[in-house]
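These notes concern the structure reproduced below.
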Amino acid sequence: MTSTGAAFDVSRVRRDFPILAQRVHGKPLVYLDNAATSQKPQSVLDALASYYTTENSNIHRGIHYLSEQATADYEEARSKVRVLLNASDDREIIFVRGATEGINLVAGSYGKSNVGQGDEVIISAMEHHSNIVPWQILCQERGAHLRVVPMNDDGDLLVDEYERLLGPRTKLVSIVHVSNSLGTINPVRRIIEMAHSRGVPVLVDGAQSAPHMNVDVRELDCDFFVFSGHKLYGPTGIGVLYGKADLLESMPPYQGGGDMIKSVTFERTLYNDLPYRFEAGTPNIAGTIGLGAAVDYVSSIGLENIEAYEHELLDYGTRALSSISGLRLVGTARKKAGILSFVLDGVHPHDIGTILDSEGIAVRTGHHCTQPVMDRFGIPATARASLAFYNTRQEIDALVKGIDKVLEVFS
Ligand code: PMP
């Protein structure tokens with residue numbers, strides 16, 4: 001037990017992440033950029049090295065030992081993700097490059113075959129660009145319209161407005177579970193229920209939820225769910241699209257190539273079964289196996305423990321940052337995950353980031369790929385500290401000291 005009462009020992013957990021022991025500019029690294037990408041435990045690094053050292057080969061088509069081993073490990077990773085999300089069938093787990101590709105797959109396949117002239121797609125005011133631009137492209141191509149659910153000054157979605165937007169032309173709702181720039185946890189269960197009562201399917205962008213809380217796609221009853229491996233303590237270049245089997249079955253391929261076919265002639269191609277129909281070409285085999293190791297790792301700690309610990313840290317950080325005069329938190333929703341976005345009177349966020357970096361503290365500054373959120377709040381950018389379960393109260397204290405230093409420089 002730690003001093004914060006969480007059900008795991010944070011100092012032991014930190015030893016699993018070799019990068020955290022580094023010094024940066026002569027100071028201990030304080031890594032608070034977890035929403036951009038998270039650090040990797042040794043077990044994930046070992047899984048990558050072990051794959052390349054002992055079983056590197058192409059999957060599915062080989063009849064030799066290495067190929068069979070690699071195929072078994074690749075498919076085992078699929079089962080691990082299925083259990084993580086509580087999906088009912090491995091066929092519902094499609095490996096993609098990341099959340100971005102997952103959304104593009106749904107827009108390019110489901111969207112193109114179901115959204116037509118005059119139809120509508122609903123997103124929210126707090127989407128990452130990855131959950132805006134694919135729908136914009138689709139709507140432009142099809143002569144359809146993008147509708148946007150507004151939010152209030154705290155960063156809470158206006159659910160009544162959402163209900164008003166749902167109409168006979170709505171063909172899909174695509175909504176972020178946890179906002180990467182505000183930290184808002186959206187009431188996705190309710191949002192999905194409201195859409196389903198009108199027969200509209202829902203995609204949930206789980207890039208910022210899957211690494212930080214238990215996600216149960218059957219309980220949510222979402223139709224699609226996407227996340228990125230690299231934010232879930234796994235490698236870059238690998239992510240997941242979950243889709244209900246009957247929906248995926250009804251969708252045309254997103255990309256053509258090897259592995260997604262049963263047979264090919266110049267006249268006609270028969271497509272493969274799920275999930276392979278959506279995995280054209282040689283996939284990121286090492287990345288998938290690494291993601292499987294990351295899933296094992298978070299499962300061994302327990303996502304409910306991760307969520308509880310990060311929540312306490314968020315409360316601590318919120319109190320600490322709120323007491324700094326001249327600092328304004330951007331994103332004060334009722335239900336929040338571990339994101340602390342802020343601005344300082346008279347200081348550009350990039351200067352905040354640069355001075356904090358000189359103290360060994362990694363935060364992100366900018367629009368966080370959510371320019372419409374910045375426009376909504378009338379600011380060009382924020383500084384953002386984003387938490388993971390290996391962060392500590394001492395690191396929050398270091399952040400506060402760093403911000404004091406920024407204020408000194410600009411006083
Ligand atoms: N959605 C959200 C909410 C995100 O935070 C991110 C990454 N910042 C993405 C989508 C895109 O993820 P990726 O770049 O890994 O595809």
Of the conditions (1) outside any helix (DSSP H, G or I); (2) under 14 Å from ILE192 (Cα atoms), TYR162 fails just one. Which one is it?
(1)
Qualifying helices (runs of 4 or more DSSP H) (wholly inside the range 60-150; at least 2 residues being within 16 Å of the ligand (Cβ to nearest atom))
99-106, 133-142
Across the range 185-219, the tally of residues that are within 16 Å of the ligand (Cβ to nearest atom) and more than 30 Å from VAL343 (Cβ to Cβ) stands at 3
Selection from the range 319-374 of residues that are open to solvent by 60 Å² or more (accessible area, probe 1.4 Å) and part of a strand (DSSP E or B):
ARG328, ARG364
In the range 382-400, which residues are open to solvent by 40 Å² or more (accessible area, probe 1.4 Å) and in contact (Cβ under 8 Å) with a residue 40 or more places away in the chain?
ARG393, ASP397
Go through the range 102-121 and report how many residues are closer than 13 Å to LEU203 by Cα and not hydroxyl-bearing (Ser, Thr, Tyr).
8
GLY199 vs (1) on the phi > 0 side of the Ramachandran plot; (2) in contact with a Lys or Arg (Cβ under 9 Å, 6 or more places away or on another chain): all pass except (2)
Go through (1) closer than 21 Å to GLU92 by Cβ; (2) within 11 Å of the ligand (Cβ to nearest atom); (3) open to solvent by less than 10 Å² (accessible area, probe 1.4 Å) and name the single condition LEU182 misses.
(1)
Considering only the range 221-251, how many residues are surrounded by fewer than 21 Cβ atoms within 10 Å (Cβ to Cβ) and closer than 30 Å to ASN34 by Cα?
4
Among (1) open to solvent by 30 Å² or more (accessible area, probe 1.4 Å); (2) at positive phi; (3) more than 22 Å from the chain's Cα centre (by Cα), the one test that GLY143 misses:
(1)
Surrounded by 15 or more Cβ atoms within 10 Å (Cβ to Cβ) and assigned to a helix (DSSP H, G or I): does that describe ILE379?
no
Would you confirm whether any residue within the range 361-376 is over 26 Å from ASN186 (Cα atoms) and modelled with pLDDT of 95 or more?
yes
Considering every residue within the range 32-51, establish whether at least one is on the phi > 0 side of the Ramachandran plot, at pLDDT 95 or above, assigned to a loop (DSSP other than H, G, I, E, B) and not basic (Lys, Arg).
no
Of the residues in the range 298-313, those that are surrounded by fewer than 21 Cβ atoms within 10 Å (Cβ to Cβ) and either hydroxyl-bearing (Ser, Thr, Tyr) or in contact with a strand residue (DSSP E or B) (Cβ under 7 Å, 6 or more places away or on another chain) (or both) come to SER299, SER300
Condition (residue is within 25 Å of VAL44 (Cα to Cα), modelled with pLDDT of 95 or more and open to solvent by less than 50 Å² (accessible area, probe 1.4 Å)) applied to the range 252-268: is it met by at least one residue?
no
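The values are calculated or read from the model by the stated rules, or taken from the named source; none is laboratory data. Keep in mind it's a predicted model, so treat the numbers as computed, not measured. No Cβ is skipped: glycine too gets one built from the backbone with ideal geometry, and neighbour counts run over all protein chains shown. Please note that ligands, DNA and RNA were not included when accessible areas were found on the heavy atoms of the full protein model with its side chains. Shrake-Rupley method; radii C 1.70, N 1.55, O 1.52, S 1.80 Å.
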